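Okay, structure first, notes after.
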Amino acid sequence: MTSTDVPTTDERAYADMAELSAAPLWRQYGELMPAQPVSRARPHLWPYARLRPVAMHFSRALSLAEAERRVLMMVNPGLTDPPATVPTLFAGIQIVMPGETARAHRHTANAFRFIIEGDGAVTTVNGEQLAMRPGDLLLTPGWHWHDHAHQGHSPMMWLDGLDYPLVNNLNAGFFELYQAPVQPVANPDEASSRQFRHGRLNPAWRAPSTEHPGVSPVGSYPWEETERALATITEAGTVAGSAAEGILLEYSNPWTGGPVLPTIACRIARLRAGFAGVPRQHTASTIYHVVSGSGSTTVGEQRLDWNEHDTFCVPGWARYAHQVAAQGDATLFSYTDEPVLRVLGLYREQWL
Ligand code: 1HN
C-alpha cells in the first residue's frame, strides 16, 4: 500500500523508508564516518608451498583455452564478493606450461607480472615481446594488448598484480579479446624498453603517451638490474634505508620519476639479517611477495610468518612491522595503491 499520509509510528516510518530505498543516516553514522579507516580486508598470508601443487594440478586438469588465464586468485577472507586481495588490488598466481599460449586480450585494469619461477616464456605487450625470467617485473598497463607464450621446458609461474577491484568499483572495467590468438610482434628485442634502460638518459625524440597518462614506457624491469641496484646500495653497509622497510627501492616511470602505473607503485626491498622495522601505519594497502629469505610481519594483532615466494597483504591503516631473523637477508617485492591515495589527497602515515 502506498500512502502520502504522515506515518503514525516509527515502525511504519522505517518500513516506508525501506520501501522507498531510503535509509536513516542516524543508524549508520559511525560506520560511514569512522574516526579512522577500518578495512574490510584482513591481514593474510598465502603460502607458495601450498598453492604451487594446486596450480600444478590444474596445469594438467584444465586447458588454457578453457581458462582464459590459469590463475589462482588470492582472495582476502574479508573481501570474497567480489573477490579481491585488498580493496583496490588483486594478487594471483598464474601458471603456464611449456607449449601453451595465453591468448591476446586487453582490459582497462592495469596489470603487472612478477616472475617467480621458470624460463623460456615471453609476454607480448602492444607488439613488444618481453622475456620472463625469475625476479623480472613486466608491465601490462591498462588497455594494452597482451598474450603470454611459453617455449621453455619447466612450468612458468608468476605473480599477477591488477587494479581491477578499483577499476570495477569506478565502473570503468572494459575487456576485449584480440581478433587472433596472438598479436604480431613488432619489437622482438625489447627495443622500446631498452631506450630507457640507462635510467638517467631518456630518448629525447619521444614524448610521454597522452593516451595512457602516468604509464611507464618501460615494459620490463629485469631482475639483473634490480639486483645490481640493491647490491650497489647495500655493499658498503652504510645506507640504513627506511626504518620501516629497509633498503626500499621504487621501480620508476622514467618520464615522471613516479610510480610505474597510475594506480600502482611497485617496490623492492632488501631487509638485512636481524632487521626489526619500526612499526607504522598508512592509508595505502600493500601486497608483499617474498623474493627470497624468510621473516615475519606483525599486522595488528596477527603475526604473518613468511618464506620464499609467499604472498601476504597489509590492509590500509593496519599497524605493521617487519622482522628478519639473524640468519640471512630477505628481499620483498611489494605493490601498493599509494599513488591513488596521494593524488586524491588521502595518503596519511603515522609512525608508532
Ligand atoms: C588477467 O587478464 C591476467 O592477462 C592475469 O594474464 C590475471 C586476474 C584477474 C583478471 C584478469 C592476464 C588476471 C587477469
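Consider VAL6 carefully, then state whether it is surrounded by 14 or more Cβ atoms within 10 Å (Cβ to Cβ) and modelled with pLDDT of 95 or more. So VAL6 does not fit the description; no. Out of all the residues in the stretch 98-139, which are under 16 Å from ALA186 (Cβ atoms), open to solvent by less than 20 Å² (accessible area, probe 1.4 Å) and not aliphatic (A, V, I, L, M)? THR123, THR124, GLY127, GLU128 - these are the residues of the stretch 98-139 that are under 16 Å from ALA186 (Cβ atoms), open to solvent by less than 20 Å² (accessible area, probe 1.4 Å) and not aliphatic (A, V, I, L, M).
Hydrophobic (A, V, I, L, M, F, W, C), over 22 Å from ILE268 (Cα atoms) and surrounded by fewer than 14 Cβ atoms within 10 Å (Cβ to Cβ), is that true of ALA149? Reasoning before the result, please.
Values: hydrophobic (A, V, I, L, M, F, W, C): yes; over 22 Å from ILE268 (Cα atoms): yes; surrounded by fewer than 14 Cβ atoms within 10 Å (Cβ to Cβ): no.
Here the answer is no, as ALA149 does not meet what is asked.
Filtering the stretch 255-268 to residues that are touching a strand residue (DSSP E or B) at 6+ places or on another chain (Cβ under 9 Å) and under 19 Å from PRO315 (Cβ atoms) leaves ILE264, ALA265, CYS266, ARG267.
Out of the residues in the stretch 65-77 that are surrounded by 19 or more Cβ atoms within 10 Å (Cβ to Cβ) and over 22 Å from VAL122 (Cβ atoms), state the one that is farthest from the ligand (Cβ to nearest atom).
Initial filter on the stretch 65-77 (surrounded by 19 or more Cβ atoms within 10 Å (Cβ to Cβ)): 70-71, 74, 76.
Still in the list and also over 22 Å from VAL122 (Cβ atoms): 74, 76.
Values: MET74: 10, ASN76: 14 Å.
For the stretch 65-77, the residue satisfying everything is ASN76.
Every residue, every condition in (1) in a strand (DSSP E or B); (2) within 29 Å of HIS198 (Cα to Cα); (3) open to solvent by less than 60 Å² (accessible area, probe 1.4 Å); (4) at pLDDT below 95, yes or no:
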site	(1), (2), (3), (4)
ARG267	yes, yes, yes, no
TYR288	yes, yes, yes, no
ALA318	no, no, yes, no
ALA321	yes, no, yes, no
PRO339	no, yes, yes, no
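Output the residues belonging to the stretch 207-237 that are assigned to a loop (DSSP other than H, G, I, E, B) and closer than 25 Å to PRO279 by Cβ.
Just the residues of the stretch 207-237 that are assigned to a loop (DSSP other than H, G, I, E, B), to begin with: 207-219, 222, 235-237.
Answer for the stretch 207-237, where residues must be assigned to a loop (DSSP other than H, G, I, E, B) and closer than 25 Å to PRO279 by Cβ: just GLY237.
So LEU62 clears everything in (1) under 13 Å from MET157 (Cα atoms); (2) away from the ligand (no atom under 13 Å from the Cβ) except one condition, right? Which one? It fails just one condition, (1). Tallying residues that are closer than 15 Å to ARG42 by Cβ, open to solvent by 10 Å² or more (accessible area, probe 1.4 Å) and either in contact with a strand residue (DSSP E or B) (Cβ under 7 Å, 6 or more places away or on another chain) or of a type in the set (Asp, Glu) (or both) within the stretch 83-97 yields 1.
Counting only residues that are within 17 Å of the chain's Cα centre (by Cα), of a type in the set (Gly, Ala, Ser) and outside any strand (DSSP E or B), the stretch 123-169 holds 2 of them. With respect to the conditions (1) touching a helix residue (DSSP H, G or I) at 6+ places or on another chain (Cβ under 6 Å); (2) touching a residue at least 40 places away in the same chain (Cβ under 8 Å), PRO7 lacks only one, and its number is (2). Taken over the stretch 31-42, the criterion of being free of Cβ contacts under 8 Å to residues at least 12 places away in the same chain and surrounded by 10 or more Cβ atoms within 10 Å (Cβ to Cβ) is satisfied by PRO34 alone.
In the set (1) crowded, with 18+ Cβ neighbours inside 10 Å; (2) farther than 27 Å from VAL38 by Cβ, THR234 fails one condition alone, (1).
Please name all residue pairs, on different chains or six or more residues apart, with Cβ atoms under 6 Å, provided the first residue is in the stretch 78-104 and is farther than 23 Å from ASP310 by Cα and the second residue is β-branched (Val, Ile, Thr) and in a loop (DSSP other than H, G, I, E, B). If the second residue must be β-branched (Val, Ile, Thr) and in a loop (DSSP other than H, G, I, E, B), the pairs left are ALA104/VAL182.
Table: residues versus (1) modelled with pLDDT under 95; (2) open to solvent by 70 Å² or more (accessible area, probe 1.4 Å).
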residue	(1), (2)
VAL185	no, no
GLY199	yes, no
TRP223	no, no
ALA240	yes, yes
ILE247	no, no
ASN253	no, no
PRO262	no, no
VAL278	no, no
ALA284	no, no
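Filter the stretch 78-88 down to the residues that are under 11 Å from the mean Cα position of the chain (by Cα) and away from the ligand (no atom under 11 Å from the Cβ) and list them by number. Residues satisfying the conditions are VAL86, THR88.
The values are calculated or read from the model by the stated rules, or taken from the named source; none is laboratory data. Bear in mind the structure is a predicted one, so any value in this text is a computation, not a measurement. Methodologically, a virtual Cβ is constructed for each residue, glycine included, from the backbone with ideal geometry; neighbour enumeration extends over all protein chains shown. Quick note on the areas: whole protein, heavy atoms, side chains included, nothing else; ligands and nucleic acids left out. Shrake-Rupley method; radii C 1.70, N 1.55, O 1.52, S 1.80 Å.
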